[in-house]
Amino acid sequence: MKIIFVILFSLGCFVLFFLLYYNKKSTPPPRRKKYNTHPPGGSAPPSNKNATHTSDIYNRPLHRIVKIKADVLNGIDYILSGYRLDDIKSTLPLQRKEIRQEIVSKIKTHVGGMKEFSSFDELSRLLDDPDVAISKIAKKISTDPVLSNKILKIANSSYFGSSVAVDSINHALSMLGLVNIKAILFHNAFSNKLSGGKASNPFYQSLWGHSISTATCAFHMSDALGGLHKGKLYTLGLVHDIGKFIIPEMDRSRQDDDCFITPYGEKTSISREDACFGINHAVIGRIAFEDSGLSEQLLWLIEYHHFPSYGSNSYFVSTEEDKRYLAGLYLANQIAKLFARDEEKQLFAVQPIPAVLGNLVNRPMLEGIFSDDRVLSDIVKSKSLTESYI
């Protein structure tokens with residue numbers, strides 16, 4: 001009898017183990033796809049026609065994040081490993097010291113005194129203070145009725161889908177988040193200078209979205225660069241491409257797409273800017289902010305943010321900190337392009353970074369940051385939020 005009981009007990013345990021083992025489910029991590037690196041011409045990677053349509057991905061956030069994670073990790077691998085030594089033969093873009101005075105005067109006349117930036121910079125520094133009270137920021141914003149109305153309108157937009165009306169700046173700040181508020185302040189400060197046909201032009205709308213993505217990427221990756229100032233990196237991401245909005249004013253007789261527009265960031269496009277206008281968007285950005293109170297360090301970074309693509313050591317004459325900020329801005333600029341929607345991909349060219357700057361980055365930490373679903377979601381949401389106010 002005991003033998004029969006032992007046999008039945010053993011058989012029952014075996015059946016139970018069998019059921020538990022085969023009912024256990026696990027979800028494997030997303031596989032990295034082979035990244036479509038650029039041919040020598042630097043054109044954007046071809047889109048996959050069999051991929052899920054962009055609008056469907058945006059309607060299904062989890063699917064969107066899984067796809068983005070694989071693309072971004074492959075992209076980071078290309079950016080940090082794809083630099084070619086023969087790039088050092090490239091002709092460098094024009095620099096501030098080489099620009100004719102009449103062109104400088106034309107830019108300064110167009111942008112004016114940049115008084116709006118002083119207000120943005122003041123609030124931006126306030127937002128960078130980790131100990132600042134929300135009530136203090138709200139009080140400062142409330143002194144500007146136009147800005148207050150804009151922030152409340154965005155907080156009550158369909159993007160958030162809140163069933164409760166947001167009728168106070170404090171509530172709006174809590175809902176939007178301080179990082180997004182900074183982007184709204186930036187757009188509010190410069191929209192009057194960059195208005196007109198640009199407001200409805202899809203090229204420029206994509207540029208605004210790219211600037212927001214670059215800023216958000218830079219903010220999150222600061223720890224991978226030795227703990228650089230998050231607020232400074234975010235501001236650099238926002239303002240680095242402001243010259244792209246201004247450069248068409250240099251010669252209205254020329255068509256944007258004939259001279260310089262696409263793909264953004266590809267070296268030949270910067271050469272076309274120099275050839276067509278006697279200046280490029282990076283130098284324009286520096287000149288535009290020269291009278292705004294922006295530090296010389298940030299002006300320098302704006303001017304040289306494309307130079308790593310050219311393999312020249314001429315811009316490594318500054319401090320070690322400047323090198324790390326340059327590496328951070330350059331990387332954020334390239335990684336942000338990986339978040340472009342399918343219909344935007346042809347506008348942006350991803351460029352690798354030379355090892356002399358790439359070696360300043362903690363690669364495992366960088367990959368860990370961009371493997372975090374919360375970070376990826378924050379970047380996607382920040383870019384999508386721009387639709388509420390552009």
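Every number in this text was worked out from the coordinates using simple rules, so none of it is lab data. Fair warning: this is a prediction, and the values are worked out from it, not measured in the lab. Backbone-built Cβ (ideal geometry, glycine too); neighbour counts: all protein chains shown.
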Among Met221, Met250, Met365, which comes first, then next, by fewest other beta-carbon atoms within 10 Å? Met365, Met250, Met221
In Hz, Karplus ³J(HN,Hα) per residue of the range 365-373 (6.51, -1.76, 1.60; θ = phi - 60°; x = Gly, Pro): 5, 4, 5, x, 4, 8, 9, 7, 4
Report the dimensions of the range 315-355 along its three principal axes from the alpha-carbon atoms, largest first, rounded to Å. 40, 14, 13
Just to be sure I understand the model, the point goes 7 Å from the Cα along the line to the Cβ. What's the resulting Asp128 to Thr109 distance in nm? 3.4 nm
What number, in percent, do you get for the relative contact order of the range 312-390 if the mean sequence gap of Cα pairs under 8 Å and at least 6 apart is divided by its residue count? 27 percent
Share of pairwise Cα separations in the range 318-390, more than 17 Å, in percent: 55 percent
Just how large is the dipole of the range 116-192 about the Cα centre, in debye to the nearest 20, putting +1 at every Lys and Arg Cβ and -1 at every Asp and Glu Cβ? 180 debye
For a footprinting-style exposure proxy, rank Ile270, Ile103 by other Cβ within 10 Å, fewest first. Ile103, Ile270
Answer check: the range 116-192, Cα atoms, Kirkwood Rh, Rg/Rh ratio of 0.94
What relative contact order, as a whole-number percentage, does the range 116-192 give when Cα pairs under 8 Å and 6 or more residues apart are counted? 40 percent
Alpha carbon centre of the range 337-390 versus the range 201-242: separation in Å? 9 Å
So for Lys97, Lys140, fewest C-beta neighbours within 10 Å to most, what's the order? Lys97, Lys140
